[in-house]
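Here is the structure we will look at.
Nothing in this text is a laboratory measurement; each read-out follows from the coordinates by a stated rule. What you see is a predicted model; the values in this text were computed from it and never measured. All Cβ positions, glycine included, derive from the backbone under ideal geometry; neighbour counts span all protein chains shown.
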Amino acid sequence: MSDIKLLAGNSNRALSEAIAAYLGLPLTKCQVRRFADMEVFVEIQENVRGLDTFIIQSTSFPANDHLMELLIMTDALRRASARRITAVVPYFGYARQDRKPAPRAPISAKLVANLITRAGVDRVLTVDLHAGQIQGFFDIPTDNLFGAPVMVRDIKERLDLNNVMVISPDVGGVVRARALAKRIDAPLAIVDKRRERAGESEVMNIIGDVAGKSCILVDDIVDSGGTLCNAAEALLAKGAKEVRAYITHGVLSGGAVARISASKLKELVVTDSIHPTEAVRVAKNIRVISIAPLMGEAIGRTAKEESVSSLFD
Ligand code: R5P
C-alpha cells in the first residue's frame, strides 16, 4: 500500500483520521483553506506523481463549499500527475433531486456526478446512496457501500432480536429496510404516508402488526427529523413497545436535534458519514457509530484491486 495517498477535505476530518488510522497510513499534507473572499484555496504539499490517491470528503453542510473543495482537490491531484483519483464520498449530498417528477425540475444528482467526473475523478466510493441508480449517473466505476453491516453489528450487540421488527418509514425505503431485516432475520413493516384529498393532512397507515414489538426504523437520511418523528408517533399509536432508528446519514439540519430529543424515539443511531455537531454529540437519545473500518477496508481493497462487494457477503 506504499503508493496510496489519503487526502482529507474539511467536511469530516475526524472520519478521515479514523480511516487513515485503520489503514495505518498518515493523511497527506495538504492545505485546504479559504482566500480572504472565501474562495477555496488548495495546495498539496507532498509528491503524488504516479500514486493511487483517495480524497475523503462528504458533500455535507455546507454542501456547496465541500463540493467545491472536492472538485478543486481533484484538479490539483490531476495536474500533479496522480495515477488514479478516487473520490471517497461517505455522504453524497445533492442526491434527493434524482429524477424529474415535475416540469422544469433539475436532476441535481446527475449534475453533481458530472461535475465530479469532469473534474478528473477516476472512481467513486460512497455509502448508502439515496437511490441506488445514482451509481449509473457516474460513467466511472462507482462503489455504493452499505451501512447495514455496521448497523447489524450494533443491533446484535444491544437488542433482543426475538421481539424486533424492522420498519421502513416510507414506501420508497422498503428495499433498504428489507435488506437489514433479512440480515437479522426480523419481520418487516411499512409506514404508508397518504394524503387522501388535497388540503387534508397526511394519514399514516402501518402495513404490518407492530403491537408489542421493539421497532427499528431504517432510512438513509434524517434531515429535519419530520419523517422519523411522525413515523415513531404512528408506530407507538399502533401499540409498538418502543421505537429506535438506525439511519446512515445524520444530516440533522435546523431544529432536527431538538425535535428528536423531545420525541418519543428511544434512540436514533446515525453513522459518522457526516461529522456530528456538538448538539448531536450531547443529545441524550442520539448515538453515533463509525463507518471508518468499513471505508478503510474498502479503500484498502480498491488499492489492492480486490473485491469490494465481498465485504457484504
Ligand atoms: C426520503 O426519501 C429520505 O429517505 C428520508 O426519509 C428523508 O430525506 C428524511 O427527511 P426529513 O428528516 O427531513 O423528514
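Values as computed for the structure displayed
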quantity	calculated
Listed pairs Lys5/Lys100; Lys182/Lys264; Lys5/Lys284; Lys110/Lys264 exceeding 29 Å between Cα atoms	Lys5/Lys100; Lys5/Lys284; Lys110/Lys264
Positive-end extreme of charge dipole, the chain - chosen from Ile72, Ile286, Ser307 (charges on Cβ)	Ile286
Under Karplus coefficients 6.51, -1.76 and 1.60, residue-wise ³J(HN,Hα) of the range 135-151 in Hz, glycine/proline x	3, x, 6, 9, 8, 10, x, 9, 9, 9, 6, 9, x, 3, x, 5, 5
Rounded to whole Hz, the Karplus (6.51, -1.76, 1.60) HN-Hα couplings of the range 215-227, x for glycine and proline	8, 10, 7, 10, 8, 8, 10, 10, 10, 6, x, x, 4
For the chain, the longest site-free run once GluC sites (Glu not before Pro) in DSSP loop states with at most 10 other Cβ atoms within 10 Å are removed	40-195
Trypsin sites (Lys or Arg not before Pro) within the range 12-58: DSSP coil, no more than 11 neighbouring Cβ in 10 Å	Lys29, Arg49
Exposure proxy order (Cβ contacts within 10 Å, fewest to most) of Cys30, Cys215	Cys30, Cys215
Principal-axis tilt of helix 292-303 within the chain, Cα atoms, nearest 10 degrees	40
Alpha carbon centroid spacing (whole Å) that separates the range 88-123 from the range 246-307	22
Amide hydrogen neighbours beyond the local backbone of Ala240, cut-off 5 Å, H modeled	Gly212
Relative contact order [Cα under 8 Å, 6+ residues apart], the chain, whole percent	14
Whole-number D in µm² s⁻¹ for the range 148-290, Kirkwood Cα-pair radius fed into Stokes-Einstein, 20 °C, 1.002 mPa s	142
For the chain, fraction of C-alpha pairs farther apart than 36 Å, in %	20
Placed amide H near Arg287: partners under 5 Å, 5+ positions off or other chain	Leu268, Val269, Val270
Proximal charge balance of Phe41 [Cβ under 11 Å; K/R count +1, D/E count -1]	-2
Most positive-pole-ward Cα, Ala181, Asn163, Ala245, against dipole of the range 148-290 from beta carbon charges	Asn163
For Phe41, residues with placed amide H under 5 Å, excluding near neighbours	Arg33, Arg34, Phe35
